[in-house]
Structure formats: C-alpha cells, structure tokens
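Undergrad: I have a structure I would like to understand better, so I am pasting it below and will then ask my questions one at a time.
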There are 2 protein chains.
Amino acid sequence: MGVRLAIVGATGVVGQAMLQTLESRDFPVANLKLLASARSVGERMTFRGASYTVEEATPENLGDCDLALFSAGNPVSEALVPHAVARGCVVIDNSSAFRLKSDVPLVVPEVNAHVLSHHRGIIANPNCSTAQLVVVLHALRTLAPIERVVVSTYQSVSGAGKEAMEELLAQSAAVLAGESPVPQHVRHPIAFNLIPAIDHFLDNGYTKEEMKLTLETRKILDEPAFRLTATAVRVPVLVGHSEAVTVEFAHPVSVESARQTLACADGIVVEDDPVRHIYPRPYEKAGHDPVYVGRIRGDVSHPCGLNFWVVADNLRKGAALNAVQIAEALLTRQLLRVQTSSLT
Amino acid sequence: MGVRLAIVGATGVVGQAMLQTLESRDFPVANLKLLASARSVGERMTFRGASYTVEEATPENLGDCDLALFSAGNPVSEALVPHAVARGCVVIDNSSAFRLKSDVPLVVPEVNAHVLSHHRGIIANPNCSTAQLVVVLHALRTLAPIERVVVSTYQSVSGAGKEAMEELLAQSAAVLAGESPVPQHVRHPIAFNLIPAIDHFLDNGYTKEEMKLTLETRKILDEPAFRLTATAVRVPVLVGHSEAVTVEFAHPVSVESARQTLACADGIVVEDDPVRHIYPRPYEKAGHDPVYVGRIRGDVSHPCGLNFWVVADNLRKGAALNAVQIAEALLTRQLLRVQTSSLT
C-alpha cells in the first residue's frame, strides 16, 4: 500500500530534505518520481537504498501521480500545479503562489489540519518563518487571546537556496583570505554581514517576506485581524531560522504557564535554562525536526507581555517536514488516493 | 593648549578606536599615556606619527592627567577610576560599573550633553547598543511622546573584544575546513551561528545586556518610566551592531516626518531607499562614525507604530567616538582642565 509520489524541485535543498524526511518517517511510497528543471535531468538520487534518475518537471511527468510535493519556486508552481491537479494529483506546494487563495488550505498540521478536508487539489505549505512561529503562537493562545506580536527574524541563507549557501561559504573564505566578498546570487555581501531585506519590497515599506509572516499567520490561525509586525533579516548562518518574539496577551500570562504549555505542545521542545546557559542556537539545531523555544521571560515594557526566542531548521519544519506532515495528515484523513501495490 | 590624556585599556579594540578617533577629530592632547594590563606593557602604539610605549595601568600612572578614557572592563574601572578621580583626573568610563549611579552622568552628547555640568569626576559612556538607539529615539520623540519600544539586537563579536573577533575568524576557518568550531573565549560556537545571550542572566529572565538597554535608555532620555523591552543576540559579524526597532508613539507619526526628522538629526544618516535596495548593513558601516537608519515604515500591527533598522559601528558611536564626543563637550563647556603647553 502506498502513494504514487512526485517531488518537483527534488535536487534543491528543500527537495533533498523532503526525500530524507519521507525516508526517516517511513512514508508509504508506491512509486517515486524525482522531477527538476532541465539542467538537473539525469542526476541520480537515492531513496531507501534505491537509485533514481531525475526527470524533467513537465505536465506529462506529473501524470499517474497521487501526490506531488512542489518546491521549485513560484514560476514553476504557477506553470505546473494546475496541470498536476487536472490530472487528479493532489499537490502540496511550498511556493507562495497559492498560499493566500481562499480555496487553498494553508496548513501547519499542529495548528489547522482540520482545514485539509476543504482542499480542491492544492494545499499550500507556509513560509518557513511563519511555520515555526505559528506552532508557538497557537499553543500560547490557549492561555489568553493574543493582542499583538512583534517579531524580528534571523534567517539563514538556505532559505534562499543552495547557491546562497555556497555563496556564504565562498564569501567567508574570501574574507578570511583578506579579499572582498563578491555578491552573485544574493544581492549584497552576506559573509560577516546582515541583509535587512528578504524578497522584494511592497508599497507599505515592508518586504514580501515580512508581510507573509503577517498574512499567512492570520490565515493559519484563522484570525483575519491578527496584529503582527515583522522585520525579516538574512544572517550569515547556513541552516536554521531564529526569531525574537514579543507577544502581548489580553490578560497577564505567567512565564511558568507559558513554559508548561509550550513543553506539552506538539512539535515544540523547550530549551530554556539560562543558569546553565541553555537556549536554542541554529547551528546546533540544523538537521532536527522540532521547533525549539527558549529565553521565555516576562516583558518589562508591558504588563501582559511575554518575550521568547524560537529556532527551527527552516528546511525541516519550515519546508520539507511540514509538507510531509501535511501528506501524513491527508492519509490519516483518507483524503488521498492510495495504491494497493507497494514499491517494495 | 591641550589635555594631559590617559587611555586605560589602550591595546583593546575600543582603546585602539579611541586613539584613531582622537587623531581624526584633532582632539587637543598635551600629553598622552597609553595604559593597559601588565601583559601588554612594552607594546608600541602610534599616535599622530609618534610612537608610544604602553605602560601598566596603576594609580600612580594616572597622576598628572586631566582626563582618562577607560575601556578595560568593570573590574579595572572599579579598581582604578576612584584613584584617578582622587588625583583630580576626570574619567570617561566605558564600563558599566558607574552608569546607573545617581551622581554619575550617563551621556550621549547628541541627547543630554547638558547633564555634564553635574559631573563629579566620572562620566559614564553607555552600552554600545544603547548609544546608537537613544540617538534615534531622542530625535523621534520630538514628533510625539514614545509609549513603548521593542528592540531586537544583532550584535557583532567585537563587542566582546579582540579575542572574540579572532575566535569568529578561527571558527569560520575551521567550519570551512570541515571541522567543528571550538568555543574558547565566547561560550558557544559563534561561526555561522547565533547566541541569544550577551552578558549574564538576571533574575527576571533578561540578560544584563538587555536590561542595560532598558535602564540606560531611561537615564539618558531622562524618562524614568520609559517602556522598552530588548532581546540581545550575538551574530557572526566582526564589527557593527544592528537593531530592529518597533516604536509605539502616543499619536500617529508619518513615515515621511520620521524620515525628515532623522535626516536632520545630529549624528544620524538615513539610508532608506528600498526600490534601489538601499538600507544600512554592518559590514559596510564598520569604520564609520554615524548612526545609520533605514527600513523606516509604518506598523501594520499598531496605528501609532513605526518600524526601522539601525546600524552603527559599535567601536565608534557605541564606544570610542561617544567617549571622545563627551571629552569634546567637556572642553566646549570648560569643564576640563587644559594645559597651556601643547604636545606639538
């Protein structure tokens, strides 16, 4: 028993993490197609010990699939997702192309798996920074209504893909050799630097990345007027997004109750013991699934405020893991076609 | 005409920046003593083309000085500043030892140079992150009273001294060579990583660095109930501190009026043109004096909110420059003894 699965963008950093996650979580795969752009065709990738050849992502190659996980950017999703759906394939899409469409569920399973039943073929995977944040906000809103959130992000270069990771490494080597860092894929030098701009700018002065945090959080939490302001900053970290978060509640919430609630919440690990210098850091959390929370403390500037620090692997919970969790939730809810002949 | 000057901690990153700043700003020096710990004694440093030998920082060596700039950490300041003052020397101290004492002015000249007249021998230089922030907050509060500030910092390793800078470079080289980064001076690995903890933890869950931002801002702005919450994070940047800031005003403040006010304010340079991808970044601002502000925008979560991004060289405005500016303000106000025989 299993699903005829396609991964579109299989050779990218998220595609590779999807493959690892499907394997480690033992997702039932009846048939696997690894699709990518023309320049990756012919590459070999391994899944459960078997070797697969990467094929071109075309409408034809998306036939005979039950499920496709897309992570190849907006233009590819816009071009191919409708073809996949027309062929009866369910798509979990990691691009931002469909996330805010009213007939597309935007899902973080710990928060709103129930909306999957409304899907019409496309389910959207949220922005990486949003995914790790809403898991925490959803747990905390059980303690008191959330009035407002201020979040500053510290986002790793893997959020911009493989080339950006290679560029950070190459630029770092250049600076260590006394040379100037030369930007190529990323607009400005990123080695030993910060870039306070991710994605393009909108008319209101925010970047699209920042407004994704506001708008996607509203949709996932199903609170259309949710008040959230974000500053999104690229930092010279390879993998792992971090967030400094300030939450204003409608009533006072104690640090102890927040810590307990978060410790019991699905998908969250609390690492918060200042006396022993324990708080999550992205370098150490790369390759791990949970959303880590630390530095939980009251707010000296607000009687109903709480501050904390959130770290997650942006390729896992921010992308691949969340997509596979959505696929698992579809299976559990019998919202996905399943083949009776298994791959092995 | 000039001042008999001592620099205590002359061989540190801030001490070196003080020397450069005194030279570039043509500060009148009648006699110069470069003092440091025993292990730096005998090192040679250059000022205005002349070579000086570093001597040990002792009470005796602080005799016959009109002014001493201290930047050697709290224990040295606690031990030696009283001796210097007892010998009639005015001290501008960069440690946190005296900053919150009621009889010690804590000064950022653009904001509160007028309190210098109350000094009794010691003037405190604020925390690096505080200095760059209050310059901006002071300018903005002319537009409307500030109700609350939320700030997340992105602080370079030079704030932790020369050893931390060397450690970031060494760890970066190790990671590039496929090895593990080994922490020595800094508690956790910092290469390609973030450490959400600077200075030690206090009982309220904040770090001392974070509460410095709250308490020093209150004192410098002379607003004892000023509401500010901070998260202070060490980032793998060599020089230059950055801050994501959210300000809530008592009344709405337009982006345009904020931009104009900041552009006209002493010590501030606005670099804010998203369409042309212009916003300040720390790598490019190291070695520069101004406080740079960009990413100025309204707040989608608050009708009277404003968000922006502040970058400054923490060794300049955050330390050496501010100390020299204080010295200049003392001279202007005739609050400092001046020798009639000049150095050259």
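Undergrad: Are any residues in segment A:141-161 surrounded by fewer than 24 Cβ atoms within 10 Å (Cβ to Cβ) and among the aliphatic types (A, V, I, L, M), and if so, which ones?
TA: Taking segment A:141-161 first, the residues surrounded by fewer than 24 Cβ atoms within 10 Å (Cβ to Cβ) are A:141-149, A:160-161.
Within segment A:141-161, A:Leu143, A:Ala144, A:Ile146, A:Val149, A:Ala160 meet the criteria.
Undergrad: If a residue has to be under 20 Å from A:Asn314 (Cβ atoms), in contact with a Ser or Thr (Cβ under 9 Å, 6 or more places away or on another chain) and not in a strand (DSSP E or B) to count, how many in segment A:1-16 make the cut?
TA: Keep residues of segment A:1-16 that are under 20 Å from A:Asn314 (Cβ atoms), which gives A:7-16.
Filter again for in contact with a Ser or Thr (Cβ under 9 Å, 6 or more places away or on another chain), leaving A:7-15.
Within this subset, residues satisfying the condition of being not in a strand (DSSP E or B) are A:9-15.
The number of residues fulfilling the criteria is 7.
Undergrad: What about B:Arg87, is it touching a residue at least 40 places away in the same chain (Cβ under 8 Å) and surrounded by fewer than 24 Cβ atoms within 10 Å (Cβ to Cβ)? Steps first, answer last, please.
TA: Working: touching a residue at least 40 places away in the same chain (Cβ under 8 Å): no; surrounded by fewer than 24 Cβ atoms within 10 Å (Cβ to Cβ): yes.
Against the criterion (touching a residue at least 40 places away in the same chain (Cβ under 8 Å) and surrounded by fewer than 24 Cβ atoms within 10 Å (Cβ to Cβ)), B:Arg87 does not qualify.
Undergrad: Quick check, is B:Leu22 within 22 Å of B:Arg316 (Cβ to Cβ), at pLDDT 95 or above and outside any helix (DSSP H, G or I)? Before you say what the answer is, go through the steps one by one.
TA: On the way: within 22 Å of B:Arg316 (Cβ to Cβ): yes; at pLDDT 95 or above: yes; outside any helix (DSSP H, G or I): no.
Criteria not met by B:Leu22.
Undergrad: Among the residues in segment B:197-214, are any crowded, with 23+ Cβ neighbours inside 10 Å, over 30 Å from B:Leu116 (Cβ atoms) and either more than 7 Å from chain A (Cβ to nearest Cβ) or modelled with pLDDT of 95 or more (or both)?
TA: Yes, there is a match, as at least one residue in segment B:197-214 is crowded, with 23+ Cβ neighbours inside 10 Å, over 30 Å from B:Leu116 (Cβ atoms) and either more than 7 Å from chain A (Cβ to nearest Cβ) or modelled with pLDDT of 95 or more (or both).
Undergrad: Can you pull out the residues in segment A:27-42 that are under 21 Å from A:Gly73 (Cβ atoms) and not small (Gly, Ala, Ser)?
TA: Passing the criteria: A:Lys33, A:Leu34, A:Leu35, A:Arg39, A:Val41.
Undergrad: Keeping to segment B:274-302, report how many residues are at negative phi, of a type outside the set (Lys, Arg) and at the interface with another protein chain (Cβ under 10 Å from one of its Cβ atoms). So that I can check it myself, show each step before the final result.
TA: Within segment B:274-302, the first condition is being at negative phi, and the residues that meet it are B:274-276, B:278-286, B:288-294, B:296-302.
Within this subset, residues satisfying the condition of being of a type outside the set (Lys, Arg) are B:274-275, B:278-280, B:282-284, B:286, B:288-294, B:296, B:298-302.
Still in the running and at the interface with another protein chain (Cβ under 10 Å from one of its Cβ atoms): B:274-275, B:278-280, B:282-284, B:286, B:294, B:296, B:298-302.
Residues in segment B:274-302 being at negative phi, of a type outside the set (Lys, Arg) and at the interface with another protein chain (Cβ under 10 Å from one of its Cβ atoms): 16 in total.
Undergrad: Can you find a residue that is more than 9 Å from chain A (Cβ to nearest Cβ), surrounded by fewer than 17 Cβ atoms within 10 Å (Cβ to Cβ), touching a helix residue (DSSP H, G or I) at 6+ places or on another chain (Cβ under 9 Å) and acidic (Asp, Glu) anywhere in segment B:235-257?
TA: no
Undergrad: Give just the number: which of (1) more than 9 Å from every other protein chain (Cβ to nearest Cβ); (2) farther than 21 Å from B:Leu169 by Cβ does A:Ser180 not satisfy?
TA: Failed condition: (2).
Undergrad: For segment A:155-177, which positions are away from every other protein chain (no Cβ under 11 Å) and in a loop (DSSP other than H, G, I, E, B)?
TA: A:Gly161
Undergrad: State whether one or more residues within segment A:165-182 are closer than 24 Å to A:Pro290 by Cα and touching a helix residue (DSSP H, G or I) at 6+ places or on another chain (Cβ under 6 Å).
TA: Our first condition is that a residue be closer than 24 Å to A:Pro290 by Cα; within segment A:165-182, this holds for A:165.
Now restrict to residues that are touching a helix residue (DSSP H, G or I) at 6+ places or on another chain (Cβ under 6 Å): A:165.
Yes: one or more hits.
Undergrad: Give A:Ala97, A:Ala72, A:Ala113 a once-over and let me know the one that is touching a residue at least 12 places away in the same chain (Cβ under 8 Å), in contact with an Asp or Glu (Cβ under 6 Å, 6 or more places away or on another chain) and outside the structural domain of A:Phe308 (by TED's automatic domain parsing).
TA: On the way: A:Ala72 fails: in contact with an Asp or Glu (Cβ under 6 Å, 6 or more places away or on another chain); A:Ala113 fails: in contact with an Asp or Glu (Cβ under 6 Å, 6 or more places away or on another chain).
That would be A:Ala97, the only listed residue that is touching a residue at least 12 places away in the same chain (Cβ under 8 Å), in contact with an Asp or Glu (Cβ under 6 Å, 6 or more places away or on another chain) and outside the structural domain of A:Phe308 (by TED's automatic domain parsing).
Undergrad: Residue check: is B:Ala323 more than 10 Å from every other protein chain (Cβ to nearest Cβ), touching a residue at least 40 places away in the same chain (Cβ under 8 Å), aliphatic (A, V, I, L, M) and assigned to a helix (DSSP H, G or I)? Can you show your working first?
TA: On the way: more than 10 Å from every other protein chain (Cβ to nearest Cβ): yes; touching a residue at least 40 places away in the same chain (Cβ under 8 Å): yes; aliphatic (A, V, I, L, M): yes; assigned to a helix (DSSP H, G or I): yes.
When the stated conditions are applied, B:Ala323 passes them.
The values are calculated or read from the model by the stated rules, or taken from the named source; none is laboratory data. No experiment lies behind these values; they were computed from the predicted model shown. Heads up, the Cβs are rebuilt from the backbone with ideal geometry, glycines too, and the neighbour counts pull from every protein chain shown.
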